[in-house]
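A.B. asks: Please see the structure below; I have some questions.
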Amino acid sequence: MKPPLDILLCAPRGFCAGVVRAIDAVEKALKLHGAPVYVRHEIVHNKYVVESLKRKGAVFVSELSQVPDASRPVIFSAHGVAKSVPAEANARNLFAIDATCPLVTKVHREAEVHHKRGRHILLVGHAGHPEVIGTMGQLPQGAITLIETLDDVATLTPPAGQLAFVTQTTLSVDDTREIVEALKARFPELIAPHKEDICYATTNRQEAVKHVAPRVDGLIVVGSPNSSNSQRLREVAERAGCPAARLVLRTDEIDWTVFGNIRRLGLTAGASAPEVLVEEIIDAFAQRYDVTVETVSTADESVFFPLPRELREPAPTAAE
């Protein structure tokens, strides 16, 4: 007889509106224009999604110079790009479609406004992440200083004048709070965003994990190792008291020495992980355990972002 296992399934989990829009943009471009459709960088940070789009005719490139045919669509990923990228696309007359998440675009606009008003900008984020590269690339070099840790706050020597801050959208709410509090303590006149930059989906998924983590023996975050929001979910689970939190993309990555003898499992997915992977993980546990699944919901999500303008179908006319 199989031992019993309760799975507490976090809700919300998985795809956010920005990811849905980016994946839909690639699929719609393939439908309207046929293959190949070029995509600069991974459209979202999930190997499974990228491989599935490749099979449909998407070709992923690291730079625009790798796009051989200017007549084919080229899509910019959900993470956003530096200003130099659309400028290069324009210079080469490429058919470019920008699938940047609107919440990332909001951070870009905030940074531009601060710069126009003569403020030096502090960006709380992780070096090397595509979103951070894109945000820093909105403005001339030196206009933005990247802040990754509390140590960075302590050693910061910004230029004279007003300071403002923006944040990467996929960070841990708690980490960011600590850094922002330290910044405000050092620079009381620091100008904050009108509305928090960390996206609604990141916040909601972290809240659900905080709710579930103390109640389980282990928690799995379905997601890719290069997904910032997925890594943050794992850290949030550990911090909330979960004895074993692991980031897993597919079932062959499950460590059964950790998860082979538990009674309660928490399960969530990063914002770029499809639900089919969550179901795969549940099936893998069902082969070893007598599984019952309970959904633990902490928020309802109804956010929707329309496709980029170039991919929207024209409205039917009255005669049709």
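The numbers here are math on the coordinates, done by the rules we state, and not lab data. Computed from a prediction, not measured in an experiment: that's the story for all the values here. No Cβ is skipped: glycine too gets one built from the backbone with ideal geometry, and neighbour counts run over all protein chains shown.
A.B. asks: If you filter segment 54-158 for trypsin sites (Lys or Arg not before Pro), then keep DSSP loop positions with at most 11 other Cβ within 10 Å, what is left?
C.D. replies: Arg117
A.B. asks: If you don't mind, another one. Charges at C-beta only: +1 for Lys and Arg, -1 for Asp and Glu. How large is the resulting dipole of segment 103-186 about its Cα centre, in Debye rounded to 20?
C.D. replies: It comes to approximately 500 debye.
A.B. asks: Let me ask something additional. When all C-alpha to C-alpha distances in segment 42-173 are sorted into bins of 5 Å, what percent of pairs does each bin hold, rounded to whole numbers?
C.D. replies: It works out to 2, 9, 18, 20, 18, 14, 9, 6, 3, 1, 0, in whole percents.
A.B. asks: Right, next: Among Val44, Ala70, Pro225, which residue has its Cα positioned farthest towards the positive end of the charge dipole of the chain, with +1 placed on the Cβ of Lys and Arg, -1 on the Cβ of Asp and Glu, and the dipole taken about the Cα centre?
C.D. replies: Ala70
A.B. asks: Write out the trypsin sites (Lys or Arg not before Pro) in segment 172-235 meeting two conditions: DSSP loop, and at most 11 other Cβ atoms within 10 Å of their Cβ.
C.D. replies: Those that pass, being in a loop and sparsely packed, are Lys195.
A.B. asks: Next up: To the nearest 20 debye, what is the magnitude of the charge dipole of segment 39-179 about its Cα centre, counting +1 on the Cβ of each Lys and Arg and -1 on the Cβ of each Asp and Glu?
C.D. replies: Rounded to the nearest 20 debye, it is 600 debye.
A.B. asks: Name the shape class, rounded, prolate or oblate, that the alpha-carbon gyration tensor gives for segment 35-107, where a ≥ b ≥ c are the square roots of its eigenvalues, rounded holds for a/c under 1.5, and otherwise prolate holds if a/b is larger than b/c and oblate otherwise.
C.D. replies: Taking the square roots of the gyration eigenvalues as a ≥ b ≥ c, segment 35-107 is oblate.
A.B. asks: Which entries in the list Lys116/Lys184; Lys54/Lys83; Lys47/Lys184; Lys116/Lys210; Lys106/Lys184 go over 29 Å, if you measure between the two C-alpha atoms of each?
C.D. replies: With Cα atoms farther than 29 Å apart: Lys47/Lys184; Lys116/Lys210.
A.B. asks: Hey, another quick one. Expressed as a whole number of Å, what is the distance separating the alpha-carbon centroids of segment 1-77 and segment 249-320?
C.D. replies: Distance between centres, Cα-based: 15 Å.
A.B. asks: Right, something else. By how many nm would the segment from Asp174 to Val291 lengthen if fully extended, with 0.36 nm per residue of separation less the alpha-carbon distance?
C.D. replies: 38.9 nm
A.B. asks: Mind checking the dipole of segment 17-101: about its Cα centre, +1 per Lys or Arg Cβ, -1 per Asp or Glu Cβ, Debye to the nearest 20?
C.D. replies: Charge dipole of segment 17-101: 160 debye, to the nearest 20.
A.B. asks: Let me ask something additional. Can you report the principal axis dimensions of the chain using only the alpha carbons, biggest first, rounded to whole angstrom?
C.D. replies: Projected onto the principal axes, the Cα atoms of the chain cover 66, 59, 41 Å.
A.B. asks: Additional query: Evaluate E = 1/(1 + (r/R0)^6) for Asp300 and Thr155, where r is the Cβ-Cβ distance and R0 equals 56 Å; express this FRET efficiency to the nearest 0.05.
C.D. replies: The value I calculate is 0.85.
A.B. asks: Another question, then. Taking Rh as the Kirkwood radius computed over C-alpha pairs, what is the Stokes-Einstein D of segment 103-186 at 37 °C in a medium of viscosity 0.692 mPa s, expressed in µm² per second?
C.D. replies: In µm²/s, the coefficient rounds to 255.
A.B. asks: Quick check: net charge around Ala143, other residues with Cβ under 14 Å of its Cβ, Lys/Arg +1 and Asp/Glu -1?
C.D. replies: +2
A.B. asks: Treat the count of other C-beta atoms within 10 Å as a stand-in for reagent exposure and order His129, His114 from fewest to most.
C.D. replies: Starting with the residue having the fewest Cβ neighbours, the order is His129, His114.
A.B. asks: Per DSSP helix of 4 or more residues, -39500 (n - 2.57); summed, then divided by the residues of the chain. What does that give at 222 nm, rounded to the nearest 500?
C.D. replies: Using -39500 (n - 2.57) per qualifying helix, the result is -11000 deg cm²/dmol.
A.B. asks: Out of residues 5 or more away from Ala245 or on other chains, whose amide H comes under 5 Å of its own, with H placed 1.01 Å from N in the peptide plane?
C.D. replies: Amide H neighbours of Ala245: Leu219.
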